[in-house]
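The values are calculated or read from the model by the stated rules, or taken from the named source; none is laboratory data. Everything quoted here is computed from the prediction, not taken from an experiment. Quick reminder, even Gly has a Cβ in these numbers, built from the backbone with ideal geometry, and neighbours come from all protein chains shown.
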Amino acid sequence: MYSFEEIEKYRAKYLPQGIIVDTNILILFLIGNYDPNYIEDCKALNDSNKIYTIDDFELLKKLLKYFNKIVITPQVIAEISNLSITKSGLYGERFLQYLQAVVKILREVEEHYEACKCLWGMEIGVVGKFGFVDMTMFELSKNINMPILTDDLPFFLHCSEKKRPSIYFEYIKNLPFQSIFSN
């Protein structure tokens with residue numbers, strides 16, 4: 001669990017560099033910026049295990065403002081594209097409006113490429129458990145010393161175990177002191 005001191009430590013240490021954002025968190029940010037009222041109906045965001053709300057989006061916006069930049073990988077962009085097409089539930093003109101909103105936001109995001117060859121030395125079981133997207137984010141985090149924001153508990157625990165800085169969004173959502181993100 002996070003303490004206030006841990007969050008302040010992250011903020012002080014990583015503010016200049018930024019934060020690497022995992023796919024589902026980025027989708028929440030994109031859908032929320034497009035239409036916050038659509039968050040709870042979006043199939044790409046909500047399944048039987050997780051339900052996101054407008055409050056989650058508002059908290060995410062506040063959290064991301066604490067970092068100078070949002071960083072993603074090309075693999076995350078590919079996942080965003082695939083999920084947007086197959087699970088957004090948006091069609092026709094509404095889908096095109098959503099894509100326009102996505103492009104506008106992605107212009108402000110920094111993309112870092114981490115070659116797939118970084119995976120070749122990893123245990124195949126680890127790659128199989130977390131997938132190419134998570135493991136390239138993990139390697140990017142190592143190479144540029146930047147935390148990962150995720151909503152994937154097993155991946156978060158793996159990052160923690162391997163001493164990679166990471167933030168589990170569910171912990172932030174449940175903090176009794178969310179007011180620290182009020183600025």
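Where helices (runs of 4 or more DSSP H) fall entirely within the range 43-150, those with at least 1 residues that are farther than 23 Å from residue 172 by Cα and basic (Lys, Arg) are at 74-87, 92-106, 124-144.
With respect to the stated conditions, residue 150 is among the β-branched types (Val, Ile, Thr) and modelled with pLDDT of 90 or more. If only one of 39, 72 is closer than 21 Å to residue 147 by Cβ and buried (at least 21 other Cβ atoms within 10 Å of the Cβ), which one is it? Exactly one residue qualifies, and that residue is 72. Being of a type in the set (A, V, I, L, M, F, W, C), more than 19 Å from residue 64 (Cβ to Cβ) and under 19 Å from the mean Cα position of the chain (by Cα) holds for only one residue in 140, 106, 99, and it is 99. Among the residues of the range 128-150, those identified as polar (S, T, N, Q) and either within 17 Å of residue 28 (Cβ to Cβ) or surrounded by fewer than 21 Cβ atoms within 10 Å (Cβ to Cβ) (or both) are 143, 145, 150. Of all residues in the range 16-36, those that are modelled with pLDDT of 90 or more, buried (at least 16 other Cβ atoms within 10 Å of the Cβ) and not in a helix (DSSP H, G or I) total 4.
Out of all the residues in the range 82-93, is one or more closer than 20 Å to residue 165 by Cβ and either of a type in the set (Gly, Ala, Ser) or surrounded by fewer than 16 Cβ atoms within 10 Å (Cβ to Cβ) (or both)? No, the conditions are met nowhere in the range 82-93. Sub-9 Å Cβ pairs linking a first residue in the range 58-71 that is in contact (Cβ under 8 Å) with a residue 40 or more places away in the chain to a second residue that is surrounded by fewer than 16 Cβ atoms within 10 Å (Cβ to Cβ) and among the small types (Gly, Ala, Ser), at least 6 apart or interchain, are 62/182, ordered by first then second residue.
With the structure loaded, tell me whether residue 12 is in a helix (DSSP H, G or I), exposed (fewer than 15 other Cβ atoms within 10 Å of the Cβ) and at pLDDT 85 or above or whether it fails that test. Criteria not met by residue 12.
When residues in the range 23-47 are screened for being over 16 Å from residue 61 (Cβ atoms) and not hydrophobic (A, V, I, L, M, F, W, C), 6 of them pass.
Contact list please: Cβ distance under 8 Å, first residue in the range 39-50 and among the acidic types (Asp, Glu), second residue exposed (fewer than 13 other Cβ atoms within 10 Å of the Cβ), pairs at least six apart or on different chains. Pairs that qualify, where the first residue is among the acidic types (Asp, Glu) and the partner is exposed (fewer than 13 other Cβ atoms within 10 Å of the Cβ), are 40/51. Considering (1) touching a strand residue (DSSP E or B) at 6+ places or on another chain (Cβ under 9 Å); (2) more than 17 Å from residue 133 (Cα to Cα), the lone condition that residue 65 does not fulfil carries the number (1).
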